[in-house]
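*Asks:* Have a look at this one.
The values are calculated or read from the model by the stated rules, or taken from the named source; none is laboratory data. Here the structure is a predicted model, which is why all the values come from computation and not from measurement. Positions of Cβ are generated from backbone atoms using ideal geometry, with glycine treated the same way; all protein chains shown enter the neighbour counts. All accessible areas refer to the heavy atoms of the entire protein, side chains included, with ligands and DNA or RNA removed. Shrake-Rupley method; radii C 1.70, N 1.55, O 1.52, S 1.80 Å.
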Amino acid sequence: MLSREENELITRVGQGTPMGDTLRLYWLPALLSREIPEPDCPPARVRLLGEALVAFRDTNGRIGLIQELCPHRLASLYFGRNEECGLRCVYHGWKFDVDGNCVDMMNEPDDYQFKHKIRTTAYPTCELGGVIWAYMGPADKKPPLPEFAWTQVPQSHRHVTKVIQECNWLQGLEGGLDTSHAPIMHRLITENSTRGGFKPSNPFVAGKAPKLVVDITEYGYQYAGIRPLGDSEMHIRTYQFILPFHQIRPSKSERGHPMDAGHSWVPIDDQMTMVFNWSYSVTDEPLNEEDRLERNLGNGPLHVDQVTFRSKANRSNDYLIDREVQRTESFTGIDGINVQDRAIQEGMGSIVDRSKEHLGPADKAIIQARKLLRQAVKTVQAGGVPGGTRGYQQLRAREAVLRRDADWRAEMTPEMPREAIVQTV
Amino acid sequence: MLSREENELITRVGQGTPMGDTLRLYWLPALLSREIPEPDCPPARVRLLGEALVAFRDTNGRIGLIQELCPHRLASLYFGRNEECGLRCVYHGWKFDVDGNCVDMMNEPDDYQFKHKIRTTAYPTCELGGVIWAYMGPADKKPPLPEFAWTQVPQSHRHVTKVIQECNWLQGLEGGLDTSHAPIMHRLITENSTRGGFKPSNPFVAGKAPKLVVDITEYGYQYAGIRPLGDSEMHIRTYQFILPFHQIRPSKSERGHPMDAGHSWVPIDDQMTMVFNWSYSVTDEPLNEEDRLERNLGNGPLHVDQVTFRSKANRSNDYLIDREVQRTESFTGIDGINVQDRAIQEGMGSIVDRSKEHLGPADKAIIQARKLLRQAVKTVQAGGVPGGTRGYQQLRAREAVLRRDADWRAEMTPEMPREAIVQTV
Amino acid sequence: MLSREENELITRVGQGTPMGDTLRLYWLPALLSREIPEPDCPPARVRLLGEALVAFRDTNGRIGLIQELCPHRLASLYFGRNEECGLRCVYHGWKFDVDGNCVDMMNEPDDYQFKHKIRTTAYPTCELGGVIWAYMGPADKKPPLPEFAWTQVPQSHRHVTKVIQECNWLQGLEGGLDTSHAPIMHRLITENSTRGGFKPSNPFVAGKAPKLVVDITEYGYQYAGIRPLGDSEMHIRTYQFILPFHQIRPSKSERGHPMDAGHSWVPIDDQMTMVFNWSYSVTDEPLNEEDRLERNLGNGPLHVDQVTFRSKANRSNDYLIDREVQRTESFTGIDGINVQDRAIQEGMGSIVDRSKEHLGPADKAIIQARKLLRQAVKTVQAGGVPGGTRGYQQLRAREAVLRRDADWRAEMTPEMPREAIVQTV
């Protein structure tokens, strides 16, 4: 539970808001590489932290991410012509390069010098893991590149999708960090169902509420759910939360291939979120076409319109809930694990009023995440560098059965130095 | 005509508003029984006086009407599982019984005692006449059950429908009380039309503006339109207004079967209304299937979507007005008597600005209704019990031709004691 | 560039706003004559300067333009019956003549005298050029009739259409006055394209940015774009801007027939505009059916729904932009010259923030138009008569190639007395 003021503080992301200022100090996933697949292809609209932008890939393959409206008379550059190393406004022919410089003005004489004084807002970008990332903060505070492990594998081993969620980003992030709902909401109620979700026999479901351990770190936290198994073993599942909105979780493709997977919940504005979903093979074997359909999650082309990135099952159709399926086959009657998440998170309203919650021990990870976000804001307000800008790149998440007395941190996350843990709660 | 302040006072219904506090002292029609037809069926969304609720019928047939959002983390219980005497939130498995008690928390250990402290808002309900009624006020002020005459006949003799109207409830109520528009707006202009409405030969239409008599009572008022007929007779039609928003009128089914009929205009919120339409046979003979189609009124399955309860003819399609029909057959060119009402009432805007009206003698019933509503608010503000909570249950409305010197009150409303009349205007 | 305050001042048009008061001193195009084609036909909704009105043609052919809501109980007269010299409200049968007098009240006794005291808002109208014009200002300030040259030719020689634009009227007007964008945005990029637009060989396109001359007058301004042609000639194109929102430009029909053409950008309210598009043959030969399709402009029945007057290509479908056409055939990839204008002008947002612009010499006409509009407001605030109410009726716009030293004003606009020019900028 937060006060209304705290809730406003950590949810609002516009220019000049405390959380907006904080998020602008990170590399942010802005769009998929395949939205602007080749040099001089049509530009793409991008709305990020409440700012209207347009992305383009120039003749030399360089990526521009500039303010949507042309500084001349505020025409939309979305309608622009991407040609000869710049995006040209179709209204009067002003042309901008990827750095935001005005390089031509068709409506004025050639010798008109005014153009050299015109710049438009242009944000630095980088392209990693099939995603174009943007940095929207002050030049002198740019952090190291967001080289998450999943961005470092070959494209053959990686899969990334995008889906728009109709609520504030924090509702999505909290849902992702909240492992406690997973074996409840995402469970199947018959063993022979072929739908996405956890079968009744899965120890994750069969067990009771796990013991939760949160290791606070500089980058966010490592989070473990530990369930005793028989007399001498335990089942452990770890997750990573990397500030400000990234999650890593252990996963398997539908044919059972081991993967790491995760999401980034990127604010479009205060009321809308772009969720980037990624997964990658943690073995030498690449992903196959079936793996890329994401049938179980509901984030792939079968479930999400690949032009608008809107979920086909959405608020307007009650997420296609099937009450008979809910009665006999799955806990929710909604098809797709992440469709279930969107149904619940969007159903809370645009920005849920956290002052009305009643949290318990099972909500520990959520409580800690809010705490870290508020700390990050405070750090930024004091002129410092918030957590989550370094030290997270190699992190993984894992699921295993260990001996009851095992040193689980050493076995589950060998890539994380023990001294990275600031506090365990 | 009202001042803008008076208009605000009697139209707004949210928690803490004067009219909202007043309405919360009555039993309110909340949904049709058939929306949650059987034990453990899917829950139904209900929006009432601006509050988001969910209704369910539990394993034992008891009815719950609780706050839509789960008190844990505000997930919508609409997606919930109705099972084993409670509605279970699919997010973390918290379960609530019809009284709002939290009876299970799947995300916490079994011995976790916190659940006994958790309650959600639950409103008492009763089921009468095929309708589930709710009481949303303080426990110590609950009025007697709303045993209207129409709720006391067998289901075979009764018909109830529901339709959403896209404007404030008071516009609907005023339209219902305003008998003066009926022979004008609802008239047919050719005798041989088969559409719903009053034919030119109907004395109701053929006559001129009637003399209006309003008998103010404790429950609201009895309202009579009296038209001289020849030298020695008179035509009388009586109506009942029962506070806060119920109407009773004399009616006939389309095959001519005598009925009482009426409406209740229940605020969904300030801008939307759920209209409950009922009718019942006043003889021993039951209603038949044709009677239940309500072709003339436009409230039945032919005119209203039975899932969303939206009128098929609505603002977005100009109520399917047919200008040629308007020219040659009916006064409005709109099909369905109550569709005509909705067209006009919604056309005034969400909340009509009553400070701009120009009322005359023909608007007497409307003026009196507003007065009674303001009195009810004042009574409640002074800590009293508003009118309309008792003394109305047996009331009927009738139409008759009487001798000019008859004691029409005695003949038309024998069930109403004469001393119930506080004042006649 | 304007300050935010100036921007508010010249864009807002509601009752009591400075620009609203100013616009109310002009005859305003309100609807097409063919929207109410004959006596006693159904009425039409009209929204003008933020006021909800209804237009009707009475039994004698007189035109009424009255407040939409009936003064009795605010029912919409759009549903009314147009009969026997008046529009009758269907709710209680109050009837109004074209002057706004209440001439009948069906719900009150015949001898009820109250009706003679009831009037509704009725605006004077005139019908010129296939358009019904309204005057919404004080009776004593009514200007001469808007007898533009295009309204004085026979119907056979004239064509008028209407289209709704989803942004503030000033964005439309500025686009119309801005000749500098035309050879850029509306150009074709291959000579053999059959789409609307200017071919590469057109001197208008082939030339560079022209010299711009703005002759300020009492009615607005004459505006010329002058391009040197060879050693001894020049290409001239003149436009007229008549306050508050009319434009005249030289044109040709698609088969090459010489016409004058233009637009009037009439505010529906602050966020929406009704654009009236007209053209007429400047020879004795009438227009033909093909001329009336306006294929090139995109304002005719092929591009605009003739019931709702909404553009089929619109914001919701990105104006049906075809990126391959944009790459190979036309500058924008959008079909229809005025569809291109709407795409750009609507893309700026409802009311563009002019404080963020960066204007240059090519924007001279726009800068001058804003100046004249602000002057008109000041004149009205000082109790005077704004420009543009007289002296514009015979104006034309022309395109020609003249000797370099010609007296172009005398040859291009013989109908304009030289002394009408107040200043040249």
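*Asks:* Compare C:163, C:401, C:282 in a GNM of chain C, Cα atoms joined below 10 Å, and give the one with the largest fluctuation.
*Replies:* The residue that fluctuates most here is C:401.
*Asks:* Can you give me the solvent accessible area of residue C:125 with a 1.4 Å probe, rounded to the nearest 10 Å²?
*Replies:* 40 Å²
*Asks:* For peptide C:175-182, compute the average count of partner chain beta-carbon atoms within 10 Å of each residue's beta-carbon. Present the calculation step by step, with values, prior to reporting the outcome.
*Replies:* Working: counts 3, 0, 0, 4, 0, 6, 9, 0.
Whole-number average of other-chain Cβ neighbours for C:175-182 is 3.
*Asks:* Please give the charge dipole size of the range C:266-388, origin at the Cα centre, charges +1 on K and R Cβ atoms and -1 on D and E Cβ atoms. Round to the nearest 20 debye. Don't skip to the answer; put the middle values down first.
*Replies:* On the way: 15 positive and 19 negative charges, 167 e Å.
For the range C:266-388, the charge dipole is close to 800 debye.
*Asks:* Which distances, shortest first and in nm, link residue B:290 to the matching position in the other copies, using label points set 7 Å out along Cα to C-beta?
*Replies:* Between copies, matching label points for residue B:290 lie 6.1, 6.1 nm apart.
*Asks:* Add -39500 (n - 2.57) for each DSSP H run of 4 or more in chain B, then divide by its residues: what number comes out at 222 nm, to the nearest 500 deg cm²/dmol? Intermediate results must be reported in sequence, preceding the final value.
*Replies:* Numbers: 9 runs with 71 residues, N = 425.
Taken over chain B, the calculation gives -4500 deg cm²/dmol.
*Asks:* So how much slack lies between residue A:315 and residue A:211, counting 0.36 nm per residue of separation and subtracting their Cα-Cα distance, in nm?
*Replies:* Details: separation 104, 0.36 × 104 = 37.44 nm, distance 3.41 nm.
In short, 34.0 nm is gained.
*Asks:* Given contacts defined as C-alpha pairs under 8 Å and at least six residues apart, what's the relative contact order of the range C:285-401, whole-number percent?
*Replies:* Details: 73 pairs, mean separation 17.9, N = 117.
It rounds to 15 percent for the range C:285-401.
*Asks:* Can you send over the carbon and sulfur percentage of the accessible area for the range B:325-425, probe radius 1.4 Å, protein chains only? Can you show the working numbers first?
*Replies:* Values: 2180 of 4360 Å².
Of all accessible area on the range B:325-425, carbon and sulfur atoms account for 50 percent.
*Asks:* Farthest toward the dipole's positive end in the protein assembly as shown, which of A:98, C:394, A:22, given Cβ charges of +1 (Lys, Arg) and -1 (Asp, Glu) about the Cα centre?
*Replies:* A:22
*Asks:* May I ask for the distance between the Cα centers of the range C:310-343 and the range C:400-424, given as a whole number of Å?
*Replies:* Spelled out, the Cα-based centre of one part sits 36 Å from the other.
*Asks:* Still on this structure: Going by the rotation axis that takes chain B to chain A, pick out the residue of B with the closest C-beta and quote the gap in whole Å.
*Replies:* Here the nearest residue and distance are B:316, 9.
*Asks:* Further, regarding this structure: Rounded to the nearest 20 debye, what is the charge dipole size of the protein assembly as shown about its Cα centre when +1 sits on each Lys and Arg Cβ and -1 on each Asp and Glu Cβ?
*Replies:* Values: 153 positive and 168 negative charges, 307 e Å.
It works out to roughly 1480 debye.
*Asks:* A follow-up question, please. Going toward the positive end of the dipole of the range B:192-328, with +1 on Lys and Arg Cβ and -1 on Asp and Glu Cβ, which of B:251, B:325, B:202 do you reach last?
*Replies:* Value: B:325.
*Asks:* Take the Cβ-Cβ distance between residue B:271 and residue A:142 as r, set R0 to 45 Å, and report the resulting FRET efficiency rounded to the nearest 0.05.
*Replies:* Details: r = 48 Å, r/R0 = 1.07.
FRET efficiency, residue B:271 to residue A:142: 0.40.
*Asks:* Also, quick follow-up: Just to be sure I understand: if you take the accessible area of chain C alone plus chain B alone and subtract the pair, with a 1.4 Å probe, what total do you get in Å², rounded to 100? Walk me through the numbers on the way to the answer.
*Replies:* Values: alone 18680 and 18710 Å², together 34730 Å².
The buried area between C and B, both sides summed, comes to about 2700 Å².
*Asks:* Let me ask something additional. Net charge within 13 Å of residue B:347 by Cβ-Cβ distance, Lys/Arg positive one each and Asp/Glu negative one each, not counting residue B:347 itself? Could you put the intermediate results ahead of the total?
*Replies:* Values: positive: B:315, B:342, C:45, C:73; negative: B:166, B:318, B:341, B:346, C:68.
In short, -1.
*Asks:* Give, rounded to the nearest 20 debye, the magnitude of the charge dipole that the range B:146-205 has about its Cα centre when Lys and Arg contribute +1 at Cβ and Asp and Glu contribute -1 at Cβ.
*Replies:* Working: 5 positive and 5 negative charges, 51 e Å.
Using only the charged Cβ atoms, the result is roughly 240 debye.
*Asks:* Next question, about the same structure. Within the set of other residues whose C-beta is less than 11 Å from the C-beta of residue B:86, count the net charge using Lys and Arg as +1 and Asp and Glu as -1. Display every interim value, and only then the final one.
*Replies:* Working: positive: B:62, B:81, B:88, B:95; negative: B:40, B:58, B:83, B:84, B:97, B:99, B:104.
Combined, the nearby Lys, Arg, Asp and Glu give -3.
*Asks:* Based on DSSP, what percent of beta bridges with both residues in the range A:147-242 are antiparallel, to the nearest 5?
*Replies:* Details: 16 of 17 bridges.
Antiparallel bridges: around 95 percent, rounded to the nearest 5.
*Asks:* Once Lys and Arg get +1 and Asp and Glu get -1 on their Cβ, which of B:220, B:74, B:107 lies farthest toward the positive end of the dipole of chain B?
*Replies:* B:220
*Asks:* Mind checking the angle between helix B:337-347 and chain B's longest principal axis? C-alpha axes, 0 to 90 degrees, to the nearest 10.
*Replies:* For B:337-347 against chain B, the angle is about 70 degrees.
*Asks:* Using a probe of 1.4 angstrom, how much of the accessible area of the range B:2-130 is carbon and sulfur, in percent?
*Replies:* Percent of accessible area from carbon and sulfur atoms in the range B:2-130: 47.
*Asks:* Ordered shortest first, which distances in nm separate the 7 Å Cα→C-beta label point of residue C:383 from those of the other copies?
*Replies:* Sorted ascending, the copy-to-copy spacings read 6.1, 6.1 nm.
*Asks:* Give me the residues in the range B:60-82 whose solvent-accessible area, probe 1.4 Å, is reduced by at least 30 Å² once all protein chains are included instead of the chain isolated.
*Replies:* Residues meeting the cut-off: B:71, B:72, B:73, B:74, B:78, B:79, B:81.
*Asks:* If one puts a single equal scatterer on every Cα of the range A:36-172 and applies the Debye formula without solvent, what log₁₀ I(q)/I(0) results at q = 0.09, 0.20, 0.22 Å⁻¹?
*Replies:* -0.31, -1.24, -1.38
*Asks:* Right, another one. Is the protein assembly as shown best put as rounded, prolate or oblate by its Cα gyration tensor, with a ≥ b ≥ c the root eigenvalues, rounded for a/c under 1.5, and otherwise prolate when a/b is larger than b/c, oblate when not?
*Replies:* oblate
*Asks:* Still on this structure: Show me, bin by bin at 10 Å from 0, the whole-percent P(r) of chain B based on Cα pairs.
*Replies:* Histogramming chain B at 10 Å steps yields 4, 20, 30, 26, 12, 5, 2, 0, 0 percent.
*Asks:* For the range C:288-425, which semi-axes, largest first and in whole Å, follow from the square roots of 5 times the eigenvalues of its Cα gyration tensor? Let's see the in-between values first.
*Replies:* Numbers: eigenvalues 224, 107, 69 Å².
Ellipsoid half-lengths, sorted descending, are 33, 23, 19 Å.
*Asks:* Which order do A:252, C:141 take by accessible area at a 1.4 Å probe, largest first?
*Replies:* Details: A:252 145, C:141 90 Å².
Of A:252, C:141, the descending order of accessible area is A:252, C:141.
*Asks:* Then there is this: Percent relative contact order of the range C:128-214, based on C-alpha pairs within less than 8 angstrom and at least six residues apart? If you can, show how the numbers build up before the last one.
*Replies:* On the way: 46 pairs, mean separation 14.8, N = 87.
For the range C:128-214, the relative contact order is 17 percent.
*Asks:* Mind ranking A:407, B:111 by accessible surface for me, highest first, 1.4 Å probe? Write out the running numbers ahead of the final one.
*Replies:* On the way: A:407 80, B:111 115 Å².
Reading off the accessible areas and sorting them downward yields B:111, A:407.
*Asks:* Assuming R0 = 45 Å, can you tell me the calculated FRET efficiency for the pair residue C:422 and residue B:308, based on Cβ-Cβ distance, to the nearest 0.05? It would help to have the intermediate numbers written out before the result.
*Replies:* Working: r = 62 Å, r/R0 = 1.38.
Efficiency at R0 = 45 Å is approximately 0.15.
*Asks:* Ordering A:320, B:128, C:48 from largest to smallest accessible area (1.4 angstrom probe), what's the sequence? Don't skip to the answer; put the middle values down first.
*Replies:* On the way: A:320 110, B:128 25, C:48 0 Å².
The residues order as A:320, B:128, C:48, largest area first.
*Asks:* Quick one: with label points 7 Å out along Cα→Cβ, list the inter-copy distances for residue A:231 in nm, shortest first?
*Replies:* Spacings between copies for this position, smallest first, are 11.3, 11.3 nm.
*Asks:* In whole angstrom, note down how far apart the Cα centers of the range C:45-106 and the range C:227-282 are.
*Replies:* The two parts, judged by their Cα centres, are 36 Å apart.
*Asks:* Just need log10 I(q)/I(0) for the range A:174-307 at q = 0.11 Å⁻¹, Debye formula, equal scatterers on the alpha-carbon atoms, no solvent, rounded to two decimals.
*Replies:* -0.46
*Asks:* Roughly how tilted is helix B:364-381, in degrees to the nearest 10 and between 0 and 90, from the longest Cα axis of chain B?
*Replies:* So the inclination is approximately 30 degrees.
*Asks:* Structure shown: which of A:141/A:252; B:95/B:162; A:95/A:312; A:199/A:312; A:364/B:117; C:117/C:162 lie over 28 Å apart, alpha-carbon to alpha-carbon?
*Replies:* Details: A:141/A:252 37 Å; B:95/B:162 30 Å; A:95/A:312 37 Å; A:199/A:312 25 Å; A:364/B:117 19 Å; C:117/C:162 38 Å.
The answer is A:141/A:252; B:95/B:162; A:95/A:312; C:117/C:162.
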